[in-house]
1. For segment 1-160, with only Lys/Arg (+1) and Asp/Glu (-1) charged at the beta-carbon, what is the dipole magnitude about the Cα centre, in debye rounded to 20?
2. Name the longest site-free stretch of the chain, where the excluded sites are chymotrypsin sites (Phe, Trp or Tyr not before Pro) in a DSSP loop with no more than 10 other beta-carbon atoms within 10 Å.
3. As a check on your grasp of the helix formula, calculate [θ] at 222 nm for the chain: sum -39500 (n - 2.57) over DSSP H runs of n ≥ 4, divide by the residue count, round to the nearest 500.
4. Subtract the Cα-Cα distance of A19 and Y397 from 0.36 nm times their separation in residues, and report this length gain in nm to one decimal.
5. Hey, with R₀ at 51 Å, roughly what FRET efficiency would D140 and E262 work out to, going by the Cβ-Cβ distance, to 0.05?
6. Place +1 on the Cβ of every Lys and Arg and -1 on the Cβ of every Asp and Glu in the chain, take the dipole about the Cα centre, and give the residue among F55, A19, G155 whose Cα lies farthest towards its positive end.
7. Per 0.36 nm of contour for each residue apart, how much would the distance between S181 and D231 grow if the chain were fully extended, relative to their Cα-Cα spacing?
8. Please build a GNM for the chain, connecting alpha carbons under 10 Å apart, and tell me which residue among G92, G151, G301 fluctuates the most.
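Values quoted throughout were computed directly from the atomic coordinates according to the rules given, and no laboratory measurement underlies them. Just so we're clear, the structure is a prediction, and the values are computed from it rather than from any experiment. For neighbour counting, all protein chains shown are included, and Cβ atoms are generated from backbone atoms with ideal geometry for every residue, glycine included.
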Amino acid sequence: MPKHNLCGQWQAWSSAIVANEFYCTDFVAEPQFMLTIPGHWQLQPELAKHQGSMFYRTVFDWQPTLTWPVTRLCIGGAFYQTTAWLNGELLGQHDGYFTPMSWEIRPEQLQPVGNVLAIRLDCPPPGTTWRDIAIGIYGDWDCKPAEVNPGGIWGEVALVETFRGYLQQLQINSRLTAWNSAQIRLQGDFVWRSVASQVKARVVLAPRNFVGKAITQDFSVSAQPGTNSLDLKLSLPEPKLWWTWDQGNPNLYDVTLQLIDEQGCEVDSQATYIGIRDLDWKNWRFSLNGRRMFLRGANYGPTSFYPATVTREELERDVELLTEANLNFVRVHNHVALPEFYRLCAEAGLAIWQDFPLDKRYDRNITGIALRQIRSMVTSLHNEPAICFWSCHNEPYATLRSERRGSIGIGSILGHVL
């Protein structure tokens with residue numbers, strides 16, 4: 001599907017004076033800075049200690065590629081709270097740094113020349129501290145310098161066109177059966193912006209890192225205007241299982257879902273990968289594919305507090321160091337890593353314990369934020385075969401006060417937590 005990249009040099013202001021007008025089409029002011037997207041504002045020398053808010057703006061022309069396009073603004077990720085406007089009209093707001101965001105654009109919102117995309121970033125948002133938001137070790141952490149702020153748009157910004165509709169997040173589950181096969185179940189939604197129709201959902205399942213046969217299966221799906229659900233099942237005979245590197249081969253499958261209209265034209269498609277495995281945890285014993293394992297792991301912090309700067313080579317080296325240390329397990333400690341890291345772990349056969357970025361104690365008003373974001377985390381990482389454990393909260397207890405040391409203090413804290 002056509003993608004119109006909007007990355008590059010953007011105008012930016014750090015002064016809140018522009019907050020109520022920088023998104024307007026008739027706004028005229030000399031930018032304080034020209035910032036690179038993707039990037040982080042502290043990478044600009046004069047912003048090395050800047051905290052709080054940044055106001056971004058770019059101007060672009062627009063010429064659709066498709067004859068019946070459905071257009072979305074897609075942002076790969078940003079720290080921490082994102083508010084977006086297009087040509088002076090509010091698109092929406094997004095909280096959280098680790099999940100991509102998108103907003104559908106109506107045709108009349110875009111014009112041939114001079115479109116203004118404006119984004120306000122707050123990291124942390126006004127009136128809050130690192131302890132009031134779900135940012136984990138990117139905020140208040142004893143291994144991070146206090147002056148470091150990851151604020152910035154770290155993911156790609158693009159306008160994406162699809163034909164008559166688009167697929168949303170696809171979730172895939174696999175289950176081993178008693179007949180030496182696996183049932184693959186694909187679930188998700190698609191948005192249809194045309195008249196009611198019957199469309200085809202085509203699933204292709206193909207070996208990714210081993211030799212084998214691909215499977216293709218078509219499903220007839222009813223498409224009604226608005227949001228529609230998909231629930232597709234297919235059988236995979238004699239599946240190759242995913243193992244950690246010390247137990248076998250980390251076999252992976254590529255999965256492609258293609259939506260095709262009644263004229264045979266592609267509406268949209270999604271591609272991902274899966275590993276077929278069976279996990280069991282009983283009496284504090286972990287088994288992978290029916291085989292008991294001894295887990296040997298370590299904590300893994302972010303490669304950089306500025307994730308837009310991280311290269312694939314650096315992530316490959318991280319995974320290599322973990323396996324060279326004879327580890328088969330890694331805890332992504334108190335943060336969500338870059339998408340490439342999960343793929344590298346899946347290919348290397350390295351199991352993952354995934355933390356949600358909550359650390360120690362918070363005010364109760366974070367509950368709603370945390371619930372929304374933890375659902376987003378599990379949804380976005382659902383298909384990752386290397387993730388074997390999920391953790392909701394790191395060290396959810398108070399720091400011991402000097403007067404409450406010893407068994408009494410520990411008992412009081414445990415009683416509060418339990």
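1. So the dipole magnitude of segment 1-160 works out to roughly 260 debye.
2. 1-178
3. So the helix-based figure for the chain works out to -4000 deg cm²/dmol.
4. Length difference between fully extended and current span is 132.3 nm.
5. Between D140 and E262 the formula returns 0.40.
6. Towards the positive end, the residue furthest out is G155.
7. Result for the pair: 16.1 nm of gain on full extension.
8. Among G92, G151, G301, the largest GNM mean-square fluctuation belongs to G92.
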